[in-house]
Amino acid sequence: MINFEFTEKCYACSACAQVCPVKAISYDEELHPVVDLQKCIKCDGCERICIELNRPEKKNDMNCVASYVAKNKDEEIRKMSSSGGVFFQIAESILEIGGYVSGCIYDDSFMPKHVISNDIEVCKKMMGSKYVQSDLGKCITNMKRLVKEGKIVLFTGVPCQIAAVKRCIQNSNLITLAVVCHGSIERRIWQKYINEEIEMSKSPIIKVSMRDKTKGYLNYGLKFQFKDGTEHVTYRKQDGYFLKCFTDGLFERQRCLNCVYKGGNIKSDLLLGDAWGIEKMFPEFVDELGSSSVLILTQQGKEIFDKIAKSFEIKKIDSEIIIRNNPRIMLPSTKNVSQDKFKRKLNKSTTNIHVLSEKYAKPTILNRIKWKITKE
Ligand SMILES: Cc1cc2nc3c(=O)[nH]c(=O)nc-3n(C[C@H](O)[C@H](O)[C@H](O)COP(=O)(O)OP(=O)(O)OC[C@H]3O[C@@H](n4cnc5c(N)ncnc54)[C@H](O)[C@@H]3O)c2cc1C
């Protein structure tokens, strides 16, 4: 029976619950397993599938078949995407051959969850990064059934989710696309934040974007749209204190800080990320809507990308350069020295997360000195 320090070590991938033959495993708020001892038959299927208990050795070398920076020629697609709009083009090509796509959307309460669909409108909802741990729900079980029926299925997610899906499903009809991962935000933190947004606006949320590009790719915004027609947008380089706390590692799940699904342990067909650092090599390529780095890790990944390549402006680039410019491909982020204190404060029911984020992330003279000393 699965039992270890879940807060520190569980990837929250849901594989254990999906393989349990007696449905004895449910989840807590952070998607960590909760085992019903009355139902458990001690078959140990959960332990055999767990990607933490069966973690691979650290492997740095990545075998890249090809590597590019790319930006979608369709600017509307790029506006809706976090980087260069590669995911959507791949998803569309899978639907065109009668396949299904699994990816992350917001549920009715604006919590991220994975769904599987062959509907292009649902794939549009998968566009854009939701930087919060996503609930895979029953996706693994459903994908297993579809690939067995002979359907092509594209699974998209962060590298630990790819590892979990591939551990559960070994079938050549499964194609996998990973996004580079900085680490994801704890679900309870996001829940608290959106509750406060609703409280402040006094109107229900109808849409959220964590990577709004109105003020450009680098100064991206966290945008809430409300039923009464109002909006609340905070920008990364101005008052985007929540986004800054995220990129500075204050909201990150403990598990992400020691993630082993990095470098050579990323086992997807393709790996997409932001094309950081390309301004030095291809200044003419840089614009306000952003571009993607594309690492192709298998022959199957190459065939898929070659089919859609005409939809992009592309530059061939050495994979080593992409990897060097994007540290999160090889290594998890380091723990912010203030994280424990920050989370202790957050645990108090009276704490307002908007106020607390501002306190930590506003570039006041005091904070600037603190950041310099601690190199936060
Ligand atoms: C938690 C997280 C952290 C990230 N950290 C980095 C980083 O440090 N450096 C970097 O270069 N890139 C990072 N990315 C990836 C980047 O933001 C883009 O998603 C990626 O470059 C693909 O962009 P795109 O324009 O092609 O497509 P987009 O349309 O932006 O990509 C959408 C894809 O992201 C997936 N996705 C969205 N939210 C989640 C989620 N919560 N969990 C799993 N999958 C999700 C969707 O299923 C879909 O496949 C991160 C993404 C996530 C989700």
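Quick note: the coordinates plus some simple rules give every number you see, no bench work behind them. Predicted model, so just to flag it, every value in this text is computed and none were measured. A quick note on method: Cβ atoms are made from the backbone with ideal geometry, for glycine too, and the neighbour counts reach across all protein chains shown.
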*When Lys and Arg each count +1 and Asp and Glu each count -1, what net charge do the other residues less than 12 Å away from GLU288, Cβ to Cβ, add up to?*
+3
*At a Förster radius of 22 Å, what calculated FRET efficiency corresponds to the Cβ-Cβ distance of GLU199 and THR350, to the nearest 0.05?*
0.95
_Nitroxide proxy distance, nm - points 7 Å out along Cα→Cβ at LEU366 and ARG48_ = 5.7 nm
*Say the dipole of the range 35-163 comes from +1 at the beta carbon of Lys and Arg and -1 at that of Asp and Glu; which of LEU136, ILE116, ILE51 then lies farthest toward its positive end?*
ILE51
_Less than 14 Å Cβ to Cβ from GLY273, Lys/Arg counted +1 and Asp/Glu -1: what total charge do the surrounding residues give?_
+4
*To the nearest 20 debye, what is the magnitude of the charge dipole of the range 6-49 about its Cα centre, counting +1 on the Cβ of each Lys and Arg and -1 on the Cβ of each Asp and Glu?*
260 debye
*Highest mean first, what order results for 231-243, 358-370 on Cβ atoms within 10 Å?*
231-243, 358-370
*asked:* Ratio of alpha-carbon Rg to the 2.2 N^0.38 Å globular estimate for the chain, to two decimals, please.
replied: 0.97
_Peptides 319-326, 150-157 ordered by average Cβ neighbours within 10 Å, highest first_ = 150-157, 319-326
*Where nothing but the Cβ of Lys and Arg (+1) and of Asp and Glu (-1) is charged, how large is the charge dipole of the chain around its Cα centre, in debye to the nearest 20?*
840 debye
*Roughly how many debye, to the nearest 20, is the charge dipole of the range 314-376 about its Cα centre, given +1 on each Lys and Arg Cβ, -1 on each Asp and Glu Cβ, and no other charges?*
240 debye
*What relative contact order, as a whole-number percentage, does the chain give when Cα pairs under 8 Å and 6 or more residues apart are counted?*
21 percent
*Please list, in chain and number order, the residues 5+ apart from SER82 or on another chain whose amide H is under 5 Å from its amide H, with Hs placed from the backbone.*
GLY128, SER129
*Please give the per residue volume of the convex hull enclosing the alpha carbon atoms of the range 251-315, rounded to a whole number of Å³.*
138 Å³
*Give me the distance in nm between label points sitting 7 Å out from Cα along the Cα-to-Cβ direction at ASN60 and GLU313, one decimal.*
3.5 nm
*Added length on full extension, which subtracts the Cα-Cα distance from 0.36 nm per residue, LYS207 to ASN219*: 2.4 nm
*Given the chain, what percent of its DSSP beta bridges are antiparallel, to the nearest 5?*
75 percent
*State the extension gain, in nm to one decimal, for the chain segment bounded by ASN258 and LEU331, taking 0.36 nm per residue of separation less the distance between their alpha-carbons.*
25.4 nm
_Net charge over other residues, Cβ less than 14 angstrom from the Cβ of GLU75 (K, R count +1; D, E count -1)_ = 0
*the range 41-87 to the range 144-202: how many Å between their Cα centroids?*
10 Å
*So if we plug the beta-carbon distance of MET111 and VAL34 into 1/(1 + (r/R0)^6) with R0 = 22 Å, what FRET efficiency do we get, rounded to 0.05?*
0.80
_If you filter the range 39-131 for GluC sites (Glu not before Pro), then keep DSSP loop positions with at most 10 other Cβ within 10 Å, what is left?_
GLU57
*Just report the Cα centroid separation between the range 276-309 and the range 1-25, whole Å.*
36 Å
